[in-house]
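Scroll down for the structure; my scribbles are underneath it.
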Amino acid sequence: MPYTRETAARLLTASELGLFDAARRDRIAAHGARQLRGKITRARRLRDKYRDLYQRQRRASGMRTGDKAGRAREENERTHRKSELFAEVLVRFETRLGKLQAAQARAEAPTSRRSTPAAEPIRARRGRAPTAKPTGRQPDFMSEAARGANARGLPIRTGNVAVQAHVSSRGRQNQAKRDRRS
């Protein structure tokens with residue numbers, strides 16, 4: 001549920017309200033990636049704080065009232081709403097940061113569609129398997145026999161063992177266990 005500023009003002013302290021205001025639509029666009037990371041850290045910390053506090057309060061009220069689930073909601077409702085509010089604020093900041101990073105990646109992407117290995121740093125190429133020379137057609141990832149078996153709906157065999165073999169034997173094993181019990 002999206003929280004309004006009026007609801008947030010009744011729940012939050014002045015510094016927490018500042019973080020909520022920074023996540024509003026008109027202000028979030030003004031933040032850079034570095035500022036957003038700081039606000040994400042702060043929002044995550046506050047969300048975790050209020051979530052953990054709510055859990056502790058719920059356990060304590062459960063012990064006090066004898067209710068196993070600790071559902072004395074009136075006592076803990078404010079803390080629960082604060083944790084939900086900061087979870088919402090955190091999602092807003094993370095979404096905005098993701099959009100900024102995507103825009104930055106598009107701006108930094110090379111204009112040509114194909115990158116050359118010489119343009120890649122040597123560290124990035126280390127440990128990578130040598131690439132095959134292009135033959136002009138798409139590589140086949142299935143053998144002809146496997147493609148035919150797949151088209152007929154048969155189990156694909158790897159070596160001599162069918163991939164789906166364990167399914168049929170599972171029923172027999174369960175029946176044997178039931179027979180031993182009686």
Inset, instruction - Taking all pairs of distinct Cα atoms, average 1/r, flip it, and tell me the Kirkwood hydrodynamic radius of the range 5-108 in Å to one decimal place. - result: 15.0
Legend entry - 3J(HN,Hα) from dihedral phi, the range 32-47, Karplus parametrisation 6.51/-1.76/1.60, rounded to Hz, x for glycine, proline: x, 4, 5, 5, 5, 4, x, 5, 5, 4, 5, 5, 5, 4, 5, 4
Legend entry - Integer Hz, Karplus 6.51/-1.76/1.60 couplings in order for the range 14-28, x for Gly and Pro: 5, 5, 5, 5, x, 5, 4, 5, 5, 8, 6, 4, 6, 9, 5
Legend entry - Taking the range 5-108 and dividing mean pair separation by its residue count, relative contact order in percent (alpha carbons under 8 Å, at least six apart): 34
Inset, instruction - Could you sort 173-181, 8-16 so that the peptide with the highest average Cβ count within 10 Å comes first and the rest follow in order? - result: 8-16, 173-181
Inset, instruction - Just order 81-88, 98-105 by mean Cβ neighbour count inside 10 Å, highest at the front, would you? - result: 81-88, 98-105
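Every read-out reported here was derived from the displayed coordinates using simple, explicitly stated rules and does not represent laboratory data. These numbers come from a predicted model, not from an experiment. Cβ coordinates were reconstructed from backbone atoms using ideal geometry, including for glycine residues, and neighbour counts include every protein chain displayed.
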